[in-house]
1. Can you tell me which residue within region 104-124, out of those that are among the β-branched types (Val, Ile, Thr) and within 18 Å of residue 272 (Cβ to Cβ), is surrounded by the most Cβ atoms within 10 Å (Cβ to Cβ)?
2. Spot the failing condition for residue 134; the list is (1) assigned to a helix (DSSP H, G or I); (2) more than 30 Å from residue 85 (Cα to Cα); (3) at pLDDT 95 or above, and only one is missed.
3. Search region 251-276 for residues that are at pLDDT below 95 and pair each with any residue that is among the aromatic types (Phe, Trp, Tyr) when their beta-carbon atoms are under 7 Å apart and the residues are at least 6 apart or on different chains.
4. Scan region 286-303 and tell me whether some residue there is touching a strand residue (DSSP E or B) at 6+ places or on another chain (Cβ under 9 Å), outside any helix (DSSP H, G or I), buried (at least 18 other Cβ atoms within 10 Å of the Cβ) and touching a residue at least 60 places away in the same chain (Cβ under 8 Å).
5. Could you list all residues from region 44-54 that are surrounded by fewer than 19 Cβ atoms within 10 Å (Cβ to Cβ) and either outside the structural domain of residue 93 (by TED's automatic domain parsing) or touching a residue at least 24 places away in the same chain (Cβ under 8 Å) (or both)?
6. For region 148-164, state whether one or more residues are of a type outside the set (D, E, K, R), in contact with a Pro (Cβ under 9 Å, 6 or more places away or on another chain) and either at positive phi or free of Cβ contacts under 8 Å to residues at least 12 places away in the same chain (or both).
7. From the list 149, 205, which one is farther than 28 Å from residue 109 by Cβ, outside the structural domain of residue 17 (by TED's automatic domain parsing), at pLDDT 95 or above and out of contact with any helix residue (DSSP H, G or I) (no Cβ under 9 Å at 6 or more places or on another chain)?
8. If residue 191 satisfies all but one of (1) within 18 Å of the chain's Cα centre (by Cα); (2) among the aliphatic types (A, V, I, L, M); (3) more than 30 Å from residue 39 (Cβ to Cβ), what's the number of the condition it fails?
Amino acid sequence: MRILFVTSTRIGDAVLSTGLLDHLVRTYPEAQFTIACGPVAAPLFEAVPRLARLIVLRKLPYARHWLEFLGQTMGSFWDIIVDLRGSVATMALFRSHRYAYYTDRAPVHRLVKLSEVLKLDRPAAPKLWTAPAHEAEAERRVGEAHVGAHGGEDIPVLALGPTANWPCKEWPVENFIELARRLTGPKGPLADARIMVLGGPGEHAAARPLIAAFPPARIIEIFDGVSLLTAFACLRRAGLYVGNDSGLMHMAAAAGIPTLGLFGPTQDAHYAPFGPNCAVVRTPESYEELNGSAKRMEKPGSLMGGLTVDAVEHGARDLVARTRGAG
């Protein structure tokens, strides 16, 4: 049995789509999977069970990437095609069943809309798979953070995502510094925690003030050179994640750790981190107020300044208390 799964270019959207993929993996245990997605998100799928092929769709002029895609898929018969990009290309393939998603602006979480593609009874929670090499590298980077200096109590890890792919949705880095001091201070919910700082390629410089604000022994840096699945394995070893609306936020939610997403000029109704251990805090201004063209032209940098450290600290403390109680 052959299943073709066509998903997103962006990391966050790709992570949200993995709930559908997990449903297919569990429902069809004999199936072989071919996954097509953009180059940035492709590493997320390297350890999918029964992966026959990973097709990387690199955008080309005049949509030639879809012609290349057809050249790699036209010669096969597909039992199931799930096309989350709603492409015309998959309509030309030989198949038994084709399910497609088309962009919907309704105020409903994207994961809920994706789950409707396969008419699932409940939203399909994101799922990422790792290989032993990813876990071993994560243990090397983070494992020592779990044991106290004298072999006693576990030392928690606070994970922070201070960057994003759009400057307007980045909470000021000085706010992350103050938040980390409060959450890991003597009276904080993660007292004495090490601080894991994560970011994508080319984002290390933006996070440098946060990294420099704490002793090197307390910092775990996850940036260039660390694969997405290793970063995911590192996140699973953290006690709390706080970060901007980004792919890393969705990876943290998929890892099952308490995840607090910070929102302003993007819609939490569509893209809040999904799961029972997740929560959102947003600016006092609405999405519409912040995302108007006049506001963006007036202040092309961060539009997250209205979100106070007090508000985020309160959200983080509430989330930690709730998830610890649930455990």
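1. Kept after step one, since they are among the β-branched types (Val, Ile, Thr), are these residues of region 104-124: 108, 112, 117.
Still in the running and within 18 Å of residue 272 (Cβ to Cβ): 108, 112.
Values: 108: 12, 112: 17.
Here the answer is 112.
2. With respect to (1) assigned to a helix (DSSP H, G or I); (2) more than 30 Å from residue 85 (Cα to Cα); (3) at pLDDT 95 or above, residue 134 is out only on (2).
3. 265/287; 266/287; 267/287
4. Within region 286-303, the subset touching a strand residue (DSSP E or B) at 6+ places or on another chain (Cβ under 9 Å) is 287.
In the following step, the residues that additionally are outside any helix (DSSP H, G or I) were identified as none.
No.
5. As a first pass, look at region 44-54 and keep what is surrounded by fewer than 19 Cβ atoms within 10 Å (Cβ to Cβ): 46-47, 49-54.
Within region 44-54, 46, 47, 49, 50, 52 qualify.
6. no
7. Details: 149 fails: at pLDDT 95 or above.
Only one candidate passes the filter, namely 205.
8. Failed condition: (1).
The values are calculated or read from the model by the stated rules, or taken from the named source; none is laboratory data. Just so you know, these numbers come straight off a predicted model, no measurement behind them. When we count neighbours, we look across all protein chains shown, and the Cβ atoms used for this are built from the backbone with ideal geometry, even at glycine.
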